[in-house]
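Worksheet: one structure, shown below.
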Amino acid sequence: MHDVEGLRALLLRKKITVFEAARLISGDSGCTQDFVALIVEAIEGSELPAQIVRWSIVDYENGDYDGAVNDMQTTLLRKDLDEWCQGLGIRLQDMPATPIAVAPKPPSAGGGEALNSEAIASAADPSWPEDDSDWRVQARRIADEFFDRDTANDVRDSLKGYSHRVMQEMQKRRIHGPRGRISSAGTVQREALQGTHWWAKKEKT
């Protein structure tokens, strides 16, 4: 049984922890930890403002010298969380009676599974089809426009720069993902432009 009253109380708070935010999104279901990982990823990627508190245990072997984000003490403003959720097509004030399912991302190169900020938005085939209706395909075409224009003007932007410009242009053209407006340049970069999806194929000089 989910703690509905507890969740409704959280909806009234102006500041909540990462774990509490994950409870709100998941409906206090068994996938709360999946949403914790998703929120932490957004915080680490500077997509979601937060007052970060890190665990005191540091994983020197894997190079995590700052320590992992403490989801029990790191806090978010509700207005920032709401804005981030809207980019994923979620409205916390319309909290469903049943938990929201998370679509897992395919196994990463290092083994295991990773979540990204589009994991909620799409449970479709994770391959990269050249389908005109796919927002990722349209994002790459917009990126090509910017890249070609920059080449003609003898300038070059970074991958991060192109991702931000593409996100802005997609919003102007009203190009959305499966669940609505994409408001994260990091999402555009990860899902459409990085590596062999686009950036690796471009001449950098």
Scalar couplings 3J(HN,Hα) for the stretch 13-20 by Karplus 6.51 cos²θ - 1.76 cosθ + 1.60 (θ = phi - 60°), nearest whole Hz, x for Gly and Pro, are 7, 8, 9, 9, 7, 4, 5, 5
Of 170-176, 194-200, ordering from highest average Cβ density within 10 Å down gives 194-200, 170-176
Note, the stretch 69-76: 3J(HN,Hα) by Karplus (6.51, -1.76, 1.60, θ = phi - 60°), whole Hz, Gly/Pro = x, goes 5, 7, 6, 8, 10, 5, 10, 10
Any residue on another chain or 5+ positions along whose placed amide H is under 5 Å from the amide H of R54 is listed here as N70
Amide H contacts under 5 Å for K15, restricted to residues at least 5 apart in sequence or on another chain and with H modeled in the peptide plane, are R78
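Could you work out the Kirkwood radius for the stretch 135-201, taking every pair of different alpha carbons, averaging 1/r and inverting it, reported in Å? Present the calculation step by step, with values, prior to reporting the outcome.
On the way: mean 1/r = 0.0852 Å⁻¹.
Every distinct Cα pair counted, the radius reaches 11.7 Å.
May I ask you to sort V53, V188 by Cβ crowding, counting other Cβ atoms within 10 Å and putting the fewest first?
On the way: V53 16, V188 29.
Ordered from fewest to most neighbouring Cβ atoms within 10 Å, V53, V188 come out as V53, V188.
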Here, T151 and Q168, labelled 7 Å along Cα→Cβ, have an inter-label distance in nm of 2.2
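Can you figure out the FRET efficiency of R54 with H176, using R₀ = 25 Å and their beta-carbon distance, to the nearest 0.05?
0.10
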Ranked from fewest to most other Cβ atoms within 10 Å of their own Cβ, E20, E83, E47 fall in the order E83, E47, E20
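Could you list L48, L11, L76 so that the one with the fewest beta carbons within 10 Å of its beta carbon is first and the one with the most is last?
Details: L48 25, L11 12, L76 22.
Ordered from fewest to most neighbouring Cβ atoms within 10 Å, L48, L11, L76 come out as L11, L76, L48.
Bear in mind these aren't lab numbers, they're just calculated from the coordinates by the rules spelled out. All of these numbers come straight from a predicted model, not from anything done at the bench. Virtual Cβ from ideal backbone geometry, glycine too; neighbours counted across all protein chains shown.
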